[in-house]
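The values are calculated or read from the model by the stated rules, or taken from the named source; none is laboratory data. Given the structure is predicted, the values throughout are model-derived calculations rather than measurements. With ideal geometry, Cβ positions are generated from the backbone for all residues, glycine too; neighbour counts draw on all protein chains shown.
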């Protein structure tokens, strides 16, 4: 290294140090804003797009849209979601997969939103409830389908087959006289 390169790098280092100290000096004299958190819960503004905890969307009848396709479970990068399913027999004799348990581990969630964006039925969303502090890690594992699933209504019975129109319009031949 030559003397010229030495002094160039020395002056670049000093320039960088002065720039950093200028930023620190500005922050030192700027007014501080402190959130008075527990006292200002009523006036606290949480951004609409803030991702706090995953929830299943329920309608007014207490039904969720989840069809137990496990797309969210496959797309979760760290295995936060675990879905248990069961097979049920429908009244028409077919079988269908139903959601049994939707387990979500909030403690290992990265809040990446992949589960919400890939859900084909739009059954998931992130809520804004940011107060998730607990004393035990096991309390962060939640079952999202907390409402019991309602039974599907039985299909209406098929109407009885009507008489064939040919037989109804066919003329009846008179019986031959008995002798």
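Within the stretch 58-83, being assigned to a loop (DSSP other than H, G, I, E, B) and in contact with a strand residue (DSSP E or B) (Cβ under 6 Å, 6 or more places away or on another chain) holds for 66, 68, 70, 80.
Can you tell me which residue among 69, 76 is in the same structural domain as residue 121 (by TED's automatic domain parsing), surrounded by 10 or more Cβ atoms within 10 Å (Cβ to Cβ) and farther than 17 Å from residue 142 by Cα? Answer to the check: 69. When 27, 39, 48 are checked against the criterion of being loosely packed, with under 10 Cβ neighbours inside 10 Å and under 19 Å from the mean Cα position of the chain (by Cα), a single residue qualifies: 48.
Take residue 126 and tell me if it is under 30 Å from residue 45 (Cα atoms), at pLDDT 85 or above and assigned to a loop (DSSP other than H, G, I, E, B). In short, no.
Take the residues in the stretch 120-135 that are farther than 12 Å from residue 55 by Cβ and under 11 Å from the mean Cα position of the chain (by Cα), then tell me which one is surrounded by the most Cβ atoms within 10 Å (Cβ to Cβ).
Only one residue tops the list, namely 121.
Among all positions in the stretch 37-44, there is no residue which is within 25 Å of residue 134 (Cα to Cα) and touching a strand residue (DSSP E or B) at 6+ places or on another chain (Cβ under 9 Å). Taken together, the residues in the stretch 84-122 that are touching a strand residue (DSSP E or B) at 6+ places or on another chain (Cβ under 6 Å), farther than 23 Å from residue 47 by Cβ and in contact (Cβ under 8 Å) with a residue 60 or more places away in the chain amount to 1.
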